[in-house]
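Q: Take a look at the following structure, please.
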Amino acid sequence: MGLELEPLFQAWSYFRRRKFRQCSDLCSQLLERPPSEQEPDSEYTVFQAAWSLKTRALTEMVYVDEIDMDQEGIAEVMLDENAIAQVARPGTSLKLPGSSQGGGPSPAVRPVTQSGRPITGFVRPGTQSGRPSTMEQAIKTPRTALTARPITSASGRYVRLGTASMLTNPDGPFINLSRLNLAKYSQKPKLAKALFEYIFHHENDVKNALDLAALATEHAQFKDWWWKVQIGKCYYRLGLYREAEKQFKSALKQQDMVDTILYLAKVYLRLDQPVTALNLFKQGLDRFPGEVTLICGIARIYEEMNNISSAAEYYKDVLKQDNTHVEAIACIGSNHFYSDQPEIALRFYRRLLQMGVYNCQLFNNLGLCCFYAQQYDMTLSSFERALFLAENEEETADVWYNLGHVAVARALLQTASSLAPHMYEPHFNFAILSEKVGDLQRSYTAAQKSEEAFPGHVDTQQLIKQLKQHFAML
């Protein structure tokens, strides 16, 4: 006969095993119990523990890591009040396209975003699309590489998180924030921290979270670095980047933490100060030698600044510390591929396959590497597996687009353009092939579609000009 666990211990066991729904339900049952008359102190302690555990469980159900850089959408771009200079010096801004630095491959060889930066080998927010400079361009920006949905601002993501949090409590909110005495909870550090994370992540109420953090740090006599980090996170969410910078710097003086360095670097990147972020990361490496997240942060910035060779060197340093780091392996493999070394790139992508990465993008890259390495027996099988694993029309179009290069077939490129009409690449390549075989009318139609998808594409404009001149001579 099995032993029956005490309910609070059972709820804690559910939480440790990440069964947050069961943990929340069991804590709700404990909170509904009437207080015991024989042991009031004990029951009050159990009540506090169950209340705190339920807030943590509900927070974990909707928790999103805040460290990675957010995708900038229409709200962040058009309402940016932190711009200092309209024309930044070369190599000091992420918002303007720059030339290749450090002897890296030319952007003409490596696919680039609409802002002119080369596409990275690993999907991250903000790396697959250019920063729109006008409202019209921001609305027409088609997609990110993370999803098939249109780009939305970070604020829109928080709204969706708040909507999702309501689904976790069908009977209404667990805590009525309007009736909450924040000053009372701020004097109880253990309860206050759990309550803050619940308000910040689950309820998405940045104002009340900021008020609680301010009261709590005042009660701690401004000596608790954790609360200063939370205030900085609130300021960042509200768009007050300079105030967030002050809080993160103050927290670093009290307690040197890697996460705080990453938050502060995130502020500098949002302020478009990549050089300051680089110096911060390098200072952090002096205090935390070999820290993978800091080295990877430096590599990401160099990659976005179009300094591909320096980025590759830092990604190699990442692999020296963690030889299973997927992002570093993918980016180094991509760099070798665009440096005309498909055989070496194939070794890195095969390593990812051995590690258990199994998706459409990997087999798509394997197919391209096999083709350019003249391993034709594996090329088509890799593309077939990529088509089988494609989860949406975007991925399917990418695979058909690459097959169009391999087979040099207009029909495949036409299939890609019909699946993803907002991508300029299939339209442009179909126009080029049609022009080569003498089908000028279809070439002109496809070139017009390419121009609609990417108005600033120079090669498309030159092709349209040539076709117009040819039609004028007829």
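The values are calculated or read from the model by the stated rules, or taken from the named source; none is laboratory data. Just so we're clear, the structure is a prediction, and the values are computed from it rather than from any experiment. We place every Cβ from the backbone using ideal geometry, glycine too, and count neighbours over all the protein chains shown. Remember, those area values only see protein heavy atoms, side chains included, never the ligands or the DNA or RNA. Shrake-Rupley method; radii C 1.70, N 1.55, O 1.52, S 1.80 Å.
Q: Are any residues in the stretch 194-216 open to solvent by 10 Å² or more (accessible area, probe 1.4 Å), part of a helix (DSSP H, G or I) and not small (Gly, Ala, Ser), and if so, which ones?
A: Passing the criteria: GLU197, HIS201, VAL206, LYS207, ASN208, LEU210, ASP211, LEU215.
Q: Which one is farthest from GLN29 (Cα to Cα) among residues in the stretch 46-63 that are among the aliphatic types (A, V, I, L, M) and in a helix (DSSP H, G or I)?
A: Per the criteria, the residue is MET61.
Q: For residues that are buried (at least 23 other Cβ atoms within 10 Å of the Cβ) and either aliphatic (A, V, I, L, M) or touching a strand residue (DSSP E or B) at 6+ places or on another chain (Cβ under 8 Å) (or both), tally how many sit in the stretch 313-328.
A: 2
Q: Determine whether LEU362 is within 22 Å of TRP400 (Cα to Cα), within 23 Å of the chain's Cα centre (by Cα), open to solvent by 50 Å² or more (accessible area, probe 1.4 Å) and modelled with pLDDT of 90 or more.
A: So LEU362 fails the test.
Q: Please go through the stretch 64-79 and give me each residue that is under 21 Å from ARG18 (Cα atoms) and either out of contact with any helix residue (DSSP H, G or I) (no Cβ under 7 Å at 6 or more places or on another chain) or modelled with pLDDT under 55 (or both), ordered by number.
A: Matches in the stretch 64-79: ASP65 only.
Q: Still on this model: Do you know which residues across the stretch 338-356 are at pLDDT below 90 and surrounded by 14 or more Cβ atoms within 10 Å (Cβ to Cβ)?
A: Result: TYR338, SER339.
Q: Does GLY104 satisfy the criteria of being buried (at least 17 other Cβ atoms within 10 Å of the Cβ), at pLDDT below 85 and either within 21 Å of LYS190 (Cβ to Cβ) or not hydroxyl-bearing (Ser, Thr, Tyr) (or both)?
A: yes
Q: Does MET61 count as at pLDDT 85 or above and aliphatic (A, V, I, L, M)?
A: Spelling it out, MET61 is indeed at pLDDT 85 or above and aliphatic (A, V, I, L, M).
Q: Among the candidates ASP272, ASP259, single out the residue that is under 20 Å from the mean Cα position of the chain (by Cα), surrounded by fewer than 17 Cβ atoms within 10 Å (Cβ to Cβ) and not aromatic (Phe, Trp, Tyr).
A: ASP259
Q: Given the condition exposed (fewer than 15 other Cβ atoms within 10 Å of the Cβ), at pLDDT below 65 and assigned to a helix (DSSP H, G or I), answer yes or no: does some residue in the stretch 19-40 qualify?
A: Yes, because at least one residue in the stretch 19-40 is exposed (fewer than 15 other Cβ atoms within 10 Å of the Cβ), at pLDDT below 65 and assigned to a helix (DSSP H, G or I).
Q: Still on this model: Inspect all residues belonging to the stretch 279-295 and state whether any of them is of a type in the set (A, V, I, L, M), farther than 26 Å from VAL357 by Cβ, open to solvent by less than 30 Å² (accessible area, probe 1.4 Å) and out of contact with any Gly (no Cβ under 8 Å at 6 or more places or on another chain).
A: Taking every residue of the stretch 279-295 in turn, at least one turns out to be of a type in the set (A, V, I, L, M), farther than 26 Å from VAL357 by Cβ, open to solvent by less than 30 Å² (accessible area, probe 1.4 Å) and out of contact with any Gly (no Cβ under 8 Å at 6 or more places or on another chain).
Q: Can we say SER450 is open to solvent by less than 20 Å² (accessible area, probe 1.4 Å) and at pLDDT 75 or above?
A: Here the answer is yes, as SER450 does meet what is asked.
Q: May I ask you to list the residues in the stretch 453-474 that are in contact (Cβ under 8 Å) with a residue 24 or more places away in the chain and open to solvent by less than 60 Å² (accessible area, probe 1.4 Å)?
A: ALA453, PHE454, GLY456, HIS457, THR460, LEU463, LEU467
Q: While we're looking at this one, here's another question. What's the total number of residues in the stretch 163-173 that are in contact with a helix residue (DSSP H, G or I) (Cβ under 6 Å, 6 or more places away or on another chain) and either modelled with pLDDT of 85 or more or part of a loop (DSSP other than H, G, I, E, B) (or both)?
A: So the count comes out to 1.
Q: Right, here's the next one. Working carefully through the options LYS228, LYS253, LYS266, LYS233, find the one that is on the phi < 0 side of the Ramachandran plot and surrounded by fewer than 17 Cβ atoms within 10 Å (Cβ to Cβ).
A: LYS253
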